[in-house]
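To start, the structure itself, in structure tokens.
The values are calculated or read from the model by the stated rules, or taken from the named source; none is laboratory data. Predicted model, so just to flag it, every value in this text is computed and none were measured. Cβ coordinates were reconstructed from backbone atoms using ideal geometry, including for glycine residues, and neighbour counts include every protein chain displayed. Side chains are part of the model used for accessible areas, which takes the heavy atoms of the whole protein and leaves out ligands, DNA and RNA. Shrake-Rupley method; radii C 1.70, N 1.55, O 1.52, S 1.80 Å.
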Amino acid sequence: MKNKPIEKLFWSIAFPGFGQYLNGKFFKGTIFLGLEILFNVMANFNEIIMLSFQGKIEQAAELANYGWLMFYPCLYFFAIWDAFKDAGGGKGRYSFLPFVFSAYFVTVGLMYSTEVTIFGVFFGPVWLPMLSVIPGVLVGWMIKKILLKFTSTS
């Protein structure tokens, strides 16, 4: 089967571990899948996602187990990066940075999700971290470009 990095990336976005299975990395995929289920169940993640989509943000924030939920962004973005890389994507130097900074920004977004409102809107433990992906990707991409510029001239 021909490697398709973007396909593996999208399957990993859908569910951590699926991209690894498609890459033939069954042990690693099973580890990611098991950790995904563990963190999801312990953090009440499916329930808080459902409540957030229903507009019950305060209820979602009360139900979230932040101690477990804090593990999720790093697992999620690492699984995506790993599947993408194993499928042949991300060959350029520093191509991991948008993934890493997304994990950082989503984690920080989660930490502040009980405190922050934007224009008076409370986004809670699902929407604020999801919105944090955008600056994470942008900052990671900008740092990658800066590093490439400085390391290519040295």
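Scan segment 44-65 for residues that are free of Cβ contacts under 8 Å to residues at least 40 places away in the same chain and assigned to a loop (DSSP other than H, G, I, E, B) and jot them down. Within segment 44-65, Asn44, Gln54, Gly55, Lys56, Asn65 meet the criteria.
Would a scan of segment 120-132 turn up a residue that is without any contact (Cβ under 8 Å) to a residue 24 or more places away in the chain, in a loop (DSSP other than H, G, I, E, B) and open to solvent by 50 Å² or more (accessible area, probe 1.4 Å)? Yes. Residues in segment 67-105 that are touching a Leu at 6+ places or on another chain (Cβ under 7 Å) and part of a helix (DSSP H, G or I) were compared, and the one that is farthest from Phe10 (Cα to Cα) is Leu69.
Checked against (1) surrounded by 14 or more Cβ atoms within 10 Å (Cβ to Cβ); (2) within 21 Å of Glu115 (Cα to Cα), Gln54 passes all but a single condition, namely (1). When Ser102 is tested against (1) in contact with a helix residue (DSSP H, G or I) (Cβ under 6 Å, 6 or more places away or on another chain); (2) open to solvent by 30 Å² or more (accessible area, probe 1.4 Å); (3) among the small types (Gly, Ala, Ser), just one condition goes unmet, and that condition is (2). Tell me, yes or no, whether segment 58-65 has at least one residue that is farther than 15 Å from Pro129 by Cα and of a type in the set (A, V, I, L, M). Checked segment 58-65: at least one residue is farther than 15 Å from Pro129 by Cα and of a type in the set (A, V, I, L, M).
Taking the condition of being touching an Asp or Glu at 6+ places or on another chain (Cβ under 9 Å), open to solvent by 50 Å² or more (accessible area, probe 1.4 Å) and either among the aliphatic types (A, V, I, L, M) or assigned to a helix (DSSP H, G or I) (or both), how many residues in segment 24-43 meet it? Residues that pass the stated criteria total 1. For Gly109, the stated conditions hold: it is touching a Pro at 6+ places or on another chain (Cβ under 8 Å), open to solvent by less than 40 Å² (accessible area, probe 1.4 Å) and modelled with pLDDT of 95 or more.
Here Arg93 meets the list (1) of a type in the set (D, E, K, R); (2) closer than 14 Å to Val126 by Cα; (3) touching a residue at least 40 places away in the same chain (Cβ under 8 Å) almost entirely, failing just condition (2).
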